[in-house]
Amino acid sequence: MIPADLSRAVVQAVRRAVEGGELAVGVPERVVVERTRPGGVGEYATPVALQVAKGARLEPREVARVLAGRLRADEPGIVEVEITGPGFLNFSLAPPSAAALVREVGARGTRYGYVPGAEPRGSAVRAAVRRIQESQGVPDGPVPRVAPVARRDGDVVAAYGADAAAWAMLCVPARETPSFTSALLVQDESSEFFRVRYAHARVRALGINAADLGFRGEAGEVDAPSLLRLLGEYPLVLEAAAHHQAPERLTRHLVAVADALLDFQHQVLPKGDEKPSAAHRARLALAEAAGTVLAGGLALLGIDAPEFL
């Protein structure tokens, strides 16, 4: 199981509990699952039991107990389910399959993570929120209060370019005033904005170099736990960003993906006289999956993903 499957698994557990007569409640179409906060239990958590308890006329911890039993019995990819506080479900997952994750990203492309189915900053934030919500099938609702660009910053699009200005506007919570400095124009890895776009361009370069060496990416198992975890969590990040109307959650995740990818890239191509192997093909496929996630995330933010940088 990858993290993106966890929300669906929880919904299925509610449905099976209703069908089995353990709960009498409407089955939600979706539930929010988020990364456990520092100091919490497990890797992921959901408040679904608190959300459906009133309709079930049960205490949230009792609902959580029912759902935990279902998930332990029916979902082998979940290593442990624990109940904390008033009824939060906390999960630990088995390590993800690199091949399965790469195939899923490849099949969905830049729509991986999507659920099937005037003032410059205000416009940028609201547009990003709308795109993220549309990616999750969330209907339009009240938009967040957006702090405007400070008057002293002037025309930030003219000063920094549309993409860099959008990044600065979206990487802090909407209620906070964004910061515009010359660091946005820095073309090295000290800039988060540069690193995200550079990482995408590096994937394209890796693909070109691999083709010159006569091989292409092919899904397989790869020892890259950090990168695999981040790619698996991407759909959950989109869901949370839509739910909380918080595109800054997406920008933070893209930075983490880019950093993990830039660390990983050195393992992709053969070195010296080394011949391309199945391991190289699997590593390239994983790098390409990460590039797809970066491209899709930047598109949701309204920012270009360059082929070359």
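Coordinate-derived values only; no laboratory data. Keep in mind that this is a model prediction, so the values were computed, not measured. Here the Cβ is made from the backbone with ideal geometry for all residues, glycine too, and neighbour counts use every protein chain on show.
Quick rundown of the values:
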quantity	calculated
Calculated over the chain: convex hull of Cα atoms, volume per residue (Å³)	144
Label point 7 Å beyond Cα of ALA94 along Cβ direction - residues of region 1-40 with amide nitrogen under 11 Å	1-2
Value of relative contact order over region 1-41, rounded to a whole percent, pairs C-alpha under 8 Å and six or more apart	42
Exposure proxy ranking, count of Cβ atoms within 10 Å, fewest first, for MET1, MET169	MET1, MET169
Zone residues, region 247-268, relative to ALA201, backbone N less than 16 Å from point 7 Å out along Cα-to-Cβ	258-259, 262
Ranked LYS271, LYS54, criterion: other C-beta atoms within 10 Å, fewest first	LYS271, LYS54
Theoretical ellipticity at 222 nm over the chain - DSSP helices of four or more residues, -39500 (n - 2.57) apiece, nearest 500	-17500 deg cm²/dmol
Nitroxide proxy distance, nm - points 7 Å out along Cα→Cβ at ARG152 and SER190	2.2
Enclosed volume per residue, in Å³, of the convex hull spanned by Cα atoms of region 156-221	138
R0 of 22 Å, Cβ-Cβ distance THR36-GLU62: FRET efficiency to nearest 0.05	0.50
Simple label model, 7 Å out from Cα along Cβ direction - ALA278 to SER123, nm	5.3
Kirkwood Rh, angstrom, region 240-309 [1 / mean 1/r, Cα pairs]	13.7
Segment THR177-ALA159, extension gain: residue separation times 0.36 nm, minus the distance between their alpha carbons	4.8 nm
Exposure proxy ranking, count of Cβ atoms within 10 Å, fewest first, for HIS243, HIS266	HIS266, HIS243
Spherically averaged projected area of region 3-93 from its Cα convex hull (nm²)	5.1
